[in-house]
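The values are calculated or read from the model by the stated rules, or taken from the named source; none is laboratory data. Small disclaimer: the values here were computed from a predicted structure and weren't measured. Please note: Cβ atoms are built from the backbone with ideal geometry, for glycine as well, and neighbour counts cover all protein chains shown.
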Amino acid sequence: MPDAPVKPKLIVGLGNPGTKYDGTRHNIGFDAVDALSRRWFIDLSNTKKFKGHFGEGPVPRAGKMRLLKPTTYMNLSGQAIRSVVDWYKLEPESVLIIYDDMDLPTGRLRLRLSGSAGGHNGMKSAIAHLGTQNFPRLRIGIGAPRGSDRKGETISHVLGRFAPEEKGQIAEVLKLVVEATELGLEQGIEKAMSLYNNKEVMSG
């Protein structure tokens with residue numbers, strides 16, 4: 001018997017809470033979950049027991065879905081994820097985490113069924129609290145900073161906002177995120193990987 005396709009039951013977007021982080025590259029995971037919540041008419045509300053903005057509701061052809069934006073700050077994201085997983089008795093493999101990736105150019109997506117944190121502090125926390133790397137993730141490219149001062153440039157890059165000329169590109173990327181996620185829920189993450197990992201949204 002072949003393994004059943006991986007279909008998430010909880011979708012988490014990583015980011016930092018507070019208006020000063022709205023629209024920053026590091027918060028693209030929040031933006032992705034917001035796009036999904038609008039698409040599926042799932043309202044998100046601040047839920048203390050889950051340490052985040054949380055909502056659940058039916059998704060066509062996928063059943064009940066849960067959405068989470070942790071409000072713990074990025075480095076403690078795993079606490080919020082773990083609280084939802086424990087409450088609903090979910091397997092880590094049913095958690096899809098969406099987050100930013102500097103190693104991917106802006107306009108690219110990358111779905112994976114497992115893997116390391118790749119230096120991303122939110123993912124380090126998620127892996128630590130879930131006790132495994134074996135859960136699907138969707139990385140959204142934010143491009144690498146230009147400059148030689150790697151550490152300082154990195155911080156200002158991820159906590160900076162997208163350039164005006166990138167806004168349309170990011171809007172199209174978020175549409176792809178919704179498409180890829182819906183396909184993953186209906187037919188499995190592997191199918192979505194095969195169709196969306198090579199797509200690219202060009203700027204301009």
request  = Would you check if residue 176 is in contact (Cβ under 8 Å) with a residue 60 or more places away in the chain and touching a Pro at 6+ places or on another chain (Cβ under 7 Å)?
outcome  = no
Going by the structure shown, is residue 94 over 13 Å from the mean Cα position of the chain (by Cα), hydroxyl-bearing (Ser, Thr, Tyr) and surrounded by fewer than 20 Cβ atoms within 10 Å (Cβ to Cβ)? yes
Every listed condition ((1) surrounded by fewer than 18 Cβ atoms within 10 Å (Cβ to Cβ); (2) modelled with pLDDT under 95; (3) under 17 Å from residue 193 (Cα atoms); (4) of a type outside the set (Phe, Trp, Tyr)) holds for residue 156 save (3)
If we ask which residues in segment 53-107 are in contact (Cβ under 8 Å) with a residue 60 or more places away in the chain and of a type in the set (Asp, Glu), their number turns out to be 2
Over segment 85-136, the set of residues part of a loop (DSSP other than H, G, I, E, B), in contact with a Gly (Cβ under 8 Å, 6 or more places away or on another chain) and among the hydroxyl-bearing types (Ser, Thr, Tyr) is 106
When segment 1-24 is checked residue by residue, the ones that are of a type outside the set (S, T, N, Q), within 17 Å of residue 73 (Cα to Cα) and either at pLDDT below 95 or surrounded by fewer than 23 Cβ atoms within 10 Å (Cβ to Cβ) (or both) are 17, 18, 20, 21, 22, 23
By residue number, the members of segment 44-84 that are in a helix (DSSP H, G or I) and aliphatic (A, V, I, L, M) are 74, 76, 80, 81, 84
The condition of being surrounded by 14 or more Cβ atoms within 10 Å (Cβ to Cβ), among the small types (Gly, Ala, Ser) and assigned to a helix (DSSP H, G or I) holds, among 184, 168, only for 184
When every residue in segment 47-69 that is out of contact with any Phe, Trp or Tyr (no Cβ under 8 Å at 6 or more places or on another chain) and under 24 Å from residue 23 (Cα atoms) is compared, the one surrounded by the fewest Cβ atoms within 10 Å (Cβ to Cβ) is 48
Per the list (1) in contact (Cβ under 8 Å) with a residue 60 or more places away in the chain; (2) basic (Lys, Arg); (3) over 20 Å from residue 9 (Cα atoms), residue check on residue 110 breaks on (3)
